[in-house]
Every structure is written in C-alpha cells, then in structure tokens.
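A.B. asks: Just passing along the structure, written as structure tokens.
Every number here is computed from the coordinates shown, using simple stated rules; none is lab data. Since we're looking at a predicted model, the values are computed, not measured. Virtual Cβ from ideal backbone geometry, glycine too; neighbours counted across all protein chains shown.
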Amino acid sequence: MSSTNTSNTPTHHTSTIGSIGTPSRRNTELALLVFAVLIPVFAYANVGLAINEEVPSGLLSYGLGLGLLAGVAHLVVRKFAPYADPLLLPLATLLNGLGLVAIWRLDQSKLLQSIEQAGTAAPRQLLYTAMGIALFIVVLIFLKDHRVLQRYTYISMVGAVFLLLLPLVPGLGQNIYGAKIWISVAGFSIQPGEFAKIVLAIFFAGYLMVKRDALALASRRFLGLYLPRGRDLGPILVVWFISILILVFETDLGTSLLFFGMFVIMLYVATERTSWIVFGLLMSAGGAVGVASFESHVQQRVQAWLDPMKEYTLSRAGQVGHSEQAMQALWAFGSGGTLGTGWGQGHSELIRFAANSDFILATFGEELGLAGIMALLLLYGLIVERGVRTALAARDPFGKLLAIGLSGAFALQVFVVAGGVMGLIPLTGMTMPFLAYGGSSVIANWALIGILIRISDTARRPAPAPASNPDAEMTQVVRPS
Amino acid sequence: MNKPLRRIAIFCGLLILTLLIRDNWLQYAKADDLAGDDENRRVNIARYATPRGDIIVDGKAITGSVESSSGDFKYKRTWTNGAMWAPVTGYSSQAFGANQLEKLEDGILTGNDDRLFFRNTLDMITGKKKQGGAVVTTLNAAAQKAAYEGLGNKKGAVAAIEPSTGKILALVSTPSYDPSKFAGTSGSDEKAWKAVQKENNEDNPMLNRALRETYPPGSTFKVVTAAAALENGEVSGIDDATKTPDPYQLPQTTTDLTNEHGECKNASLRYALMVSCNTVFAKMADNVGNEKMIDQAEKFGFNNDELDTPVRAAESIYPEDNAPQNAMDGIGQASNRATPLQMAMIASAVANDGKLMKPYMVDQLRAANLDTIETTEPQELSQAVSSETAQKLQKMMETVVNDPQGTGGNAKISGATVGGKTGTAQHGLNNSEKPYAWFISYAMVDGNSPVAVAVVVEDGSAVRDDISGGGLAAPIAKDVMKAVIDSKK
C-alpha cells in the first residue's frame, strides 16, 4: 500500500517525507464493478425463472441500465477522484442492484399488487438510482475538496434543522403509519431525515473541529471521568434536545437515535474523551425511556418488540393501532432457514405494507437465507470499514470527523433497521441503505458515498511533492502581482 | 484522533457482529419453530400447494381438488354432493380449518403422515411432487343416498351399521351444509361459513346429528329394557303374561302412566313391544332396578365418552336415577339420551346375536400409489346380551314389523326379514315441543344381517299428531336397508 507508484505520479522525483503515494486502484474498482453488475443481473434472471419460468424480458435493459450507471460513475471517479477507495462504488452498486432485484421480485406478487404503490416500484427505484448516481457525480465534479464544506458549518446547521422540522409543517408533512418523517411534494414522498443525516454530519464536523480543544481540555476530573464544563455541555444538550423533539413530534425512534448516536461518535473522536460516550449513553437512554413513558406510538413499538405474537393476534382481531408486520418478518426469516427458499420462492409479501422498503431485509432473509443475510451484513460492514479507513487516512481533522460521522451514521442505520426487522430492538421507520425502495434513501446514500469517495481520494492522493532539490526552490521568482 | 477512530471501528464491527449473531439465532436456532408455526401462513401455503388426497366411498372419490385462480393457496378442496357427505367427511377449509375425517386423517390426505415419510423421500429424490394418500371409507353410497333423500327437507339423522363388523354404512344429518361453499378464503366463502354457523342459523346445519347430537330415545329404548328384563330373569318367555296394571302408578309417586293404544294390562313382552306399551316397560325397568338397567345400557354402548369412529361420537347417557325416573328411563322418556348411532348399535347388537361390534367408518388408509398403509380390523365392543336373549329380541322386533297390529309395518321388505321398533319421543317443557319420530331396525337375509339402522326425524313442519316413528321414520329405514340389500346382490 505504501510503496511509491511512479506510474501514477506525474512527476518523477523521490519523496523525502516517506512514500505515501498509493496506486489509484481504478482498474480494481472496474473489475469489482463488473461483478457488482453481473451478480444482480443473474439474480434478476433467477427471479424471472422462479416466478414466471422464463428469463424476464427486461433483463437486457435492466442489465444495460445498471451497467451504464455504474460505468458512468466509474468514469467520473476515474477522472475526478482517481485515488479514491476502490471498494465503495462496487459495494454500493451491488447493494443497489440487489435491492432493485428484490423490489422487482416483490412487484410480481399479486398480493402486493393489490396494495398501493406496489407493482411498479422497480422502474421507479431504477429512476431514483439514476438520480442518486447523478447526485454522486455532481458531488465528485463540483466538490473538488471536501474542506470546502467547512465553510458552510453554520449554514449546514440551519439547513439540517430546517430539513428535520419540515415534516412538522402542516399541509406538507405526512403521517404514515404513525411516524411523521415524510413530506409530500408534487406527489412525491420525501424523507428529509435522510438528507439531514449528511448535512448534520457536515455541521458537526465543522463545529467540533473548531471546538474540540475547548471541549477536550477544559474539564475537571471526577470519579475517573473528565467532566466537561457547564458551558461546553451546551451543544450536546441542544442536539439531545432536538433528538428528543424529533422523537416526540415525529415519533420516530430511529431518526432520533441515529442523529444523537452520530453526534456522540463524532464528539468522542474529536475530544478523545470517553466521558462523552458515557454521557451520551445516559442521555439517550434517559430520553428514550422518558418519551416512551407518554408517547403511545413508541410504547406500541416496544410492545410489538417484546411480544410480536401478541401484537399479531391483536392485529388479526382487527384492533386498530396494531401491526402484524413484526411477527410476519420473523416468520419470513425463520422460513428462510440456512440457505433460503431461493429467489422468488418465498412468501415475504405476507408482510404487506412496506415489504419492499422498511422490511426488505426479510425478503432477503427468506429467499437467500442465513447465508445471504450474513453476506449482506458483511457487505455493509465492508462499506463502514472503508469509511473508517478513510477517516484514518484523512489528513485533516475536518475530513476525519466528516468521514467517521458519515460511516458511523451508516453503521448505526444498518444496525437500527436490521436489528428492528430481526426483532433485536424495537422497529423504527428507517430503511436499509441502498436495498430498500425509496427515493430519498437511495439518493441521499449515493451522495454519502460520493462524499466518502471524495474524502478518500484526498486522503490517498500522493502528498504534494516537495521540491526535488533545494536548488530548484531557489530559482523560483516571486513576482509582485 | 486515530485512537478513538480505531475504537469506533471496533464499535461498528461489534454492531455488525451483534446482527450476525441475532441472524444466526433467528435463521438457524429458531428457524424450525418459526417455519412450522401454525400461525405462519407459509405452513398452509405449502399444505395447499399440492392436491389433497381423496376420501373414497365404494371405490369412487367423493372429494376432489380444484386449482384456484386467486390467492396464495393453490388447490382448494371440493366435494361431490357435499351436503350429503358432510356428516362423514367434515369440512376442510383454507380459511376455517377442518373437522371430522378431513381433520383426523389430515396427515394421510396431505401426505405429511410419518408413515408416508419413506415414500415422500423417494419421491423427492426421483423428482416427483408430494402426493396425498387416500382414505377408504366403509360407507355405502346407495344407503347414504337413500337416507339423505328419505330425510329430504325434514330435520333428522340416519345411522346405519353392518352388524357383523360394525362398518358404518350410512351417516346422514339434515339439514346439512355444503363444505365446498367455504373451502376457500374469498368473501363469498366467509359469507357461506357465517350463514351455517349456529348463531346465525337456527337449524344449525353444522351439527352432525347422527354422531354428535343426543335425543330422548323414546319407545325405541324399550328394546334395551326388554333385554335387561330377559337377561336378569324378570321374564322367562316373551309370550308369558306380565303382572302389569294399566294404568301403572310410577313407584314412590301418585302419577299414573297410561298407554297410547293396545290392551296392555298384563301384556306379554312380545305384545308390549309390538303395540309399544308404556306400562309394561316402565314396570319392567323398575323391577330390574337402576343399577342393572345402567349395566345393560352400558353393554349396548351407553355412558362411553370415547367412542371413536374415528370421529368421536357424543356420549349416550343412561344416568343414575331415582325409582320413578328410572321407570320412565325404561320407556326412553326421562333423563336417558342417545345418539342415532347409539340406537343403530342397539339394533345391530340384536341382529348380530348379541355381539356388539365397534362402529367404524375408515376401512383403509392408502398411499398415493395405492399401497395400503393401514386396514381397520372389526373389533368387538361387548357381548351386549346372550345369543338366546338376542334371538328372543329378534322375534319380538320382527313381530313389531310383521304383525298387522305392529307399529312398524312400514318397514317391511320383500325377500328379507325385518325387525324394528318405533318411537315417538316427547320432549320440551311439559312435552310442549313437537315429538321426535324414531325407528330402529335391522334386516335379515338368509340368516345373516347386512344392515341395522336408526332413523330420527325431528320435524317441526309435520302436524303433531302425524309424527310417529312408524309413519315418518320407518319408511326411511326401509329404503336404507333395501339399498344395502340391493347393493349386495
């Protein structure tokens, strides 16, 4: 990794500060991308053969579409971020492609066709994917250096708060099955929280980079913990309060947990103080328990988690406010077993509402089995790992913080959604990144990958070469302008 | 900043690890429990994915399977003449479960029975789809049809048995229901299901009256009383005069019991049965006593709450009673109650020289390739009466049918000897309800009895005075017996 690669550095001089130049690895990325496109194409053919006993007619256009999108993205990375991490784009493409297959597979279900929105979700998701990759390209072309974002720290804060509060605007916000995290614009449902995740990470990174020394050093030691000064507690209290507000007014446990968790992770990285973790855990636990004590929607989610079978029975008995989804998802996983039923041969459509979005992991669980889910989780783990590696490699604190914030949030989201669907923690209204149906989620996550690729490109770019000999420096002439 | 970054990396790794562990628990450790959960619809989806095995009568399937166009259950159960066969097969509905044979033999019908495991494994290896086996019944299609058509629009039940083996030949209950109407899951299925539920339908068509309903047996019970009297030596000859006053004052009371017709004072047992004297049999039951009456009734199958055909029959009851009640029990008008199947068993034991065979309706269980998995062997339930007593009872019952004065003349069949007993059971508060018409009988051809039958008609539409065992029930019994005799030729 750390050997000098002369073919990629335009000037042929030896570095005096150690070899940090890395190979660009663009060809590795291209090879991986071929697999990332071929695997979903095979899966797509598999679904068609299993359900209709013929190769689906859209196979060629689907394969070309995904291949074209991936190819364009690759070319843009090659041109504008040549040193970027080679795994991020193929991983995102693979997950996105498999998600499309699962959504198309659920589109074939007669049961889901009788429910709104289903039946035509896959073409829309392909459109969202195209939009997401377009945004990814825009990020890479126009964001030449991620440090530019630092300038927008406080605008980001305002923007994030604005996005988070949008669903509460009367007439704009939508209450879908209890959670108010959607807005409706021109017939499209948008989840502003998905975008707020990125904007908030930018704000936190910018803010913490400036304040980290004050937060880290000005503290008193008490019981082995470094207690921050009262006024330094301010920001964490504000973020905590906003998270609680989200929980109370938008009744969404997941979004709330995600933002607070992301902040605590970034705070810890910025200050290197374990005490923040302890504070963060105490505050989130206290906040969640406090809100759950009076918010019936949250209580119901917790009940459904503790006893999904009872919830199923109540829902079957026609009681309003109960949902059989949690139990249906568990049955889907259980029925899949070790190897799964195979594409198109499960019955995850029984989950009905949100089977192709919040609960899409259950379809993978049933049809690809334990093996498939473990593979998927490892793919997600790999994305997070590449993100953390990017943070480690980044040379500037802002880049480090932004990279760890985005990857940490990604990891938390995967945990909260997968844990919820698998009954490990209460269900929340979030979606699996890239896999699940939903425009906001796909577009925002492509932007997230775009930013990570930008940071990794900067981090892995060979250091600007010092002059090859001191004499050369002497010859430079400083001209007055 | 790299030290906390590494720690966060470990933290993220732990999050993924937790998910992996949870997934292993869910999809490996708990997978079988979840996959086989009764509430998990996939269990039923798999169950209806292949055509269900058939229930067979006289070599022909009375059930079938049809591929349904909607929903996730592929094959739906159908029945040929479902309303007629429902008391035998029961129902098997995708939405409402199953009962009777459809439920009890479900393992064979779906092919999930352990005894089919080897064949299924073989089929799986050779790439064949799993197939359900067949349930071959003992029923006689002609007898069933005669009974069903005989009851027609009337409310009632018929049970017919082959006395020498206990094979059930007919089992009819009316009004009935067509299980085909609610075999699926659609809205019309639900409507049809609701329409036949007890709370929505006062006729209660889902009730299997032949097996699961008990009635006051009325005068048909006099056969049991006569058996008890003969077995316990209360009378020695069936033509000997009994010391019976008319009217007869019930023991320990001032209530007089009278007769509907005939000269019943000191009448012989044969005459008393022929014209259905109440006084003679009430006194006889009192003479025998409650304990021995119970003994005799139990030998005929009463007070048995585990009579499985394999569909369990309701328990017919002869209770411990005080003397006046016991006397009334002797003419089937007190607290003793019996199912139509039980009354058929009484006629059957008499016809089979006193030996009571256990009634059953599943002859064979077969695999899809026609291999026999299990055959039911006839089983003796008890020696209800000695063969001498049985022959005396036969003579008495044959007099009921053959004597011009007898009440059972309507059951006569040319070419066969028929023995029977009528009954008109009063019920309701102060006998206010319309009575039940009963008839139990057997037929003899060349010294062997191919069939014993019990018919009950609880007909609200008939004029009260017209309701009698001989008038309403005997013609049906005759048709059923004739159908069995004809089918043996």
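A.B. asks: Could you tell me which residue out of A:A205, A:L306, A:I190 lies farthest along the dipole of the range A:147-462 toward its positive end? Charges go on the beta carbon: Lys and Arg +1, Asp and Glu -1, centred on the Cα centre.
C.D. replies: A:A205
A.B. asks: So what's Rg/Rh here for the range A:147-462, counting alpha carbon atoms and using the Kirkwood radius for Rh?
C.D. replies: Here the Rg-to-Rh quotient is 0.98.
A.B. asks: I would also like to ask the following. Take the Cα atoms of the protein assembly as shown, build their convex hull, and give its volume per residue in Å³.
C.D. replies: Each residue corresponds to 226 Å³ of Cα convex hull volume.
A.B. asks: Helix-derived [θ] at 222 nm for chain A: sum -39500 (n - 2.57) over DSSP H runs of at least 4, divide by residue count, nearest 500?
C.D. replies: My calculation for chain A gives -21500 deg cm²/dmol from helical runs alone.
A.B. asks: Among B:K392/B:K488; B:K60/B:K358; B:K292/B:K434; B:K145/B:K482; B:K154/B:K198; B:K76/B:K129, which pairs are too far apart, with a Cα-Cα distance over 20 Å?
C.D. replies: Distance filter (> 20 Å) returns B:K392/B:K488; B:K60/B:K358; B:K292/B:K434.
A.B. asks: Are there cysteines in the protein assembly as shown with no second cysteine's Cβ under 4.7 Å away, and if so, which?
C.D. replies: For the protein assembly as shown, the answer is B:C12, because their Cβ atoms have no other cysteine Cβ under 4.7 Å.
A.B. asks: To continue, here is another question. Calculate how steeply helix A:397-421 sits against the longest principal axis of the alpha-carbon atoms of chain A, using the helix alpha-carbon long axis, and give the answer as 0 to 90 degrees to the nearest 10.
C.D. replies: Once rounded, one gets 10 degrees.
A.B. asks: Something else: Given the rule -39500 (n - 2.57) for each run of at least 4 DSSP H residues, summed and divided by the residues of chain B, what is its mean residue ellipticity at 222 nm, to the nearest 500 deg cm²/dmol?
C.D. replies: -10500 deg cm²/dmol
A.B. asks: So for B:H427, B:H261, fewest C-beta neighbours within 10 Å to most, what's the order?
C.D. replies: Ranked by crowding around the Cβ, least crowded first: B:H261, B:H427.
A.B. asks: Work from the charge dipole of the protein assembly as shown (Cβ charges, +1 for Lys and Arg, -1 for Asp and Glu, about the Cα centre) and give the residue of B:I10, A:A288, A:L361 farthest towards its positive end.
C.D. replies: B:I10
A.B. asks: OK, next. With +1 on each Lys and Arg Cβ and -1 on each Asp and Glu Cβ, how big is the dipole of the range A:147-462 about its Cα centre, in debye rounded to the nearest 20?
C.D. replies: 1320
A.B. asks: So if I place +1 on the C-beta of Lys and Arg and -1 on the C-beta of Asp and Glu, and nothing else carries charge, what would the dipole magnitude of chain B be about its Cα centre? I want it in debye, nearest 20.
C.D. replies: Using only the charged Cβ atoms, the result is roughly 2020 debye.
A.B. asks: Sort B:T258, B:T407 so the one with the fewest other Cβ atoms within 10 Å of its own Cβ comes first.
C.D. replies: Lowest count first: B:T258, B:T407.
A.B. asks: Follow-up question, since we're still on this one. Can you give the mean number of other chain Cβ atoms that lie within 10 Å of the Cβ atoms in peptide A:398-409?
C.D. replies: Mean shielding count: 2.
A.B. asks: So, counting K/R as plus one and D/E as minus one, what does the shell of residues with Cβ under 12 Å around B:D54 add up to?
C.D. replies: +2
A.B. asks: A further question follows. Straight-line reach only, C-alpha to C-alpha below 27 angstrom: list the lysines that A:K180 could link to, leaving out same-chain residues fewer than 8 apart.
C.D. replies: Cα-Cα hits under 27 Å: A:K197, A:K310.
A.B. asks: Arrange the following residues from fewest to most other Cβ atoms within 10 Å of their Cβ: B:Y148, B:Y91.
C.D. replies: In increasing order of surrounding Cβ atoms, one gets B:Y148, B:Y91.
A.B. asks: Continuing with this model, one more query. Ignoring the sites themselves, what is the longest stretch of chain A with no GluC sites (Glu not before Pro) in a DSSP loop and at most 13 other beta-carbon atoms within 10 Å?
C.D. replies: A:117-481
A.B. asks: Label-point separation (nm) for B:R41 and A:T120, each offset 7 Å from Cα along Cα-to-Cβ?
C.D. replies: 2.4
A.B. asks: Helix check for chain B. Which DSSP H runs span at least 27 Å along their own axis by Cα, with a mean Kyte-Doolittle hydropathy no less than 0.5?
C.D. replies: Span-like helices here: B:2-24.
A.B. asks: May I pose another question? P(r) of the range A:242-386 in 5 Å steps, Cα pairs, percent per bin?
C.D. replies: Calculated P(r), rounded to whole percents: 2, 9, 13, 14, 15, 16, 15, 10, 5, 1, 0.
A.B. asks: Just to be sure I follow: if Rg is taken over the C-alpha atoms of the range B:221-376 and Rh is the Kirkwood radius over the same atoms, what is Rg/Rh?
C.D. replies: 1.10
A.B. asks: Sticking with this structure for a sec: Which distance in Å, rounded to a whole number, links the C-alpha centroids of the range B:305-379 and the range B:1-73?
C.D. replies: 44
A.B. asks: Put a dot 7 Å past each Cα toward the Cβ at B:N2 and A:E295; how far apart are the dots in nm?
C.D. replies: According to this spin-label approximation, the distance is 4.0 nm.
A.B. asks: Based on the mean of other Cβ atoms within 10 Å per residue, sort peptides B:264-270, B:167-173 so the most packed one is first.
C.D. replies: B:167-173, B:264-270
A.B. asks: How long is the gain from B:N304 to B:N81 if the chain were fully straight, where each residue apart is worth 0.36 nm and the alpha carbon distance is subtracted?
C.D. replies: That pair, B:N304 and B:N81, stretches by 77.1 nm at full extension.
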